[in-house]
Amino acid sequence: MTRLVMVEWSTYDLGKCGVVHCSFAGPILILGNSMVRVAGVMCAKAATISLRYATVRRQGPGTPEPAIINHPSLHTRLLPILSRAYVFLGLAPLIVASFNAMTEKLKEGDASLLAQVHSRTAGLKVLCTSRAIEDLEMGRRSMGGHGFSAHSGLGRMYADYVPSAT
């Protein structure tokens with residue numbers, strides 16, 4: 001922060017040297033960038049666990065019983081979770097690239113990208129964390145009683161991840 005502020009020693013006035021509001025922007029934006037990636041990982045874990053369970057679990061009429069992955073209701077619940085995982089994990093590097101471009105401009109004293117990157121990061125942080133929490137819960141519920149079991153791991157992941165919602 002001292003590199004962004006200067007002191008006029010003859011009058012003891014504190015003056016601005018560069019872009020002062022950028023000193024706190026870095027850590028906040030880095031945290032937001034990592035939250036998009038973590039949300040993608042959480043969606044991927046929820047999709048993997050619940051889809052593997054649905055592939056193995058057999059229930060219904062007929063011999064042999066069909067795998068529950070063939071039920072259309074599970075398709076509408078689980079495939080969006082999988083697709084969001086791909087979207088969030090693909091979006092994370094793009095957000096990091098825009099953050100790096102903003103950082104380079106800030107080194108030159110140009111803060112023109114700061115508001116744009118901040119609004120993207122803040123919006124995506126809210127969207128990604130809330131959707132990942134919903135997806136963890138949907139994956140857990142799609143497994144029926146097995147989703148509540150500690151062996152599935154989804155209950156613990158849900159409990160650990162819920163506080164990250166903003």
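What follows is calculated from the coordinates using simple rules that are stated; it is not laboratory data. This structure is a prediction, so every number in the text was calculated from the model and none was measured. Virtual Cβ from ideal backbone geometry, glycine too; neighbours counted across all protein chains shown.
Screening Tyr86 against (1) loosely packed, with under 14 Cβ neighbours inside 10 Å; (2) more than 12 Å from Ala47 (Cα to Cα); (3) of a type outside the set (S, T, N, Q); (4) touching a Gly at 6+ places or on another chain (Cβ under 9 Å) leaves a single unmet condition, (2).
Per-residue answers, yes or no, for (1) closer than 21 Å to Thr166 by Cβ; (2) in contact (Cβ under 8 Å) with a residue 24 or more places away in the chain; (3) part of a helix (DSSP H, G or I):
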residue	(1), (2), (3)
Ser50	no, yes, yes
Glu65	no, no, no
Ile69	no, no, yes
His75	no, no, yes
Leu94	yes, no, yes
Ala97	no, no, yes
Leu106	no, yes, yes
Thr121	yes, yes, yes
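Every residue in the range 147-156 that is part of a helix (DSSP H, G or I) and surrounded by 15 or more Cβ atoms within 10 Å (Cβ to Cβ), please. Before the answer, list the steps.
Pass one, the range 147-156, residues part of a helix (DSSP H, G or I): 147-148, 154-156.
If the condition is that a residue be part of a helix (DSSP H, G or I) and surrounded by 15 or more Cβ atoms within 10 Å (Cβ to Cβ), then Gly147, Leu154, Gly155 are the ones that fit.
I want to confirm something. Restricting to the range 31-77 and keeping residues that are surrounded by fewer than 17 Cβ atoms within 10 Å (Cβ to Cβ) and small (Gly, Ala, Ser), which single residue is farthest from Ile95 (Cα to Cα)? Among them, the one singled out is Gly62. Find all pairs meeting these conditions: Cβ atoms under 6 angstrom apart; at least six residues apart or on different chains; first residue within the range 140-160 and among the aromatic types (Phe, Trp, Tyr); second residue assigned to a helix (DSSP H, G or I). What qualifies is Tyr158/Leu136.
Rundown of residues vs (1) under 30 Å from Ile68 (Cβ atoms); (2) loosely packed, with under 12 Cβ neighbours inside 10 Å; (3) under 16 Å from the mean Cα position of the chain (by Cα), yes/no style:
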position: Val96; (1), (2), (3): no, no, yes
position: His118; (1), (2), (3): no, no, yes
position: Val126; (1), (2), (3): no, no, yes
position: Ser142; (1), (2), (3): yes, no, no
position: Tyr158; (1), (2), (3): yes, no, yes
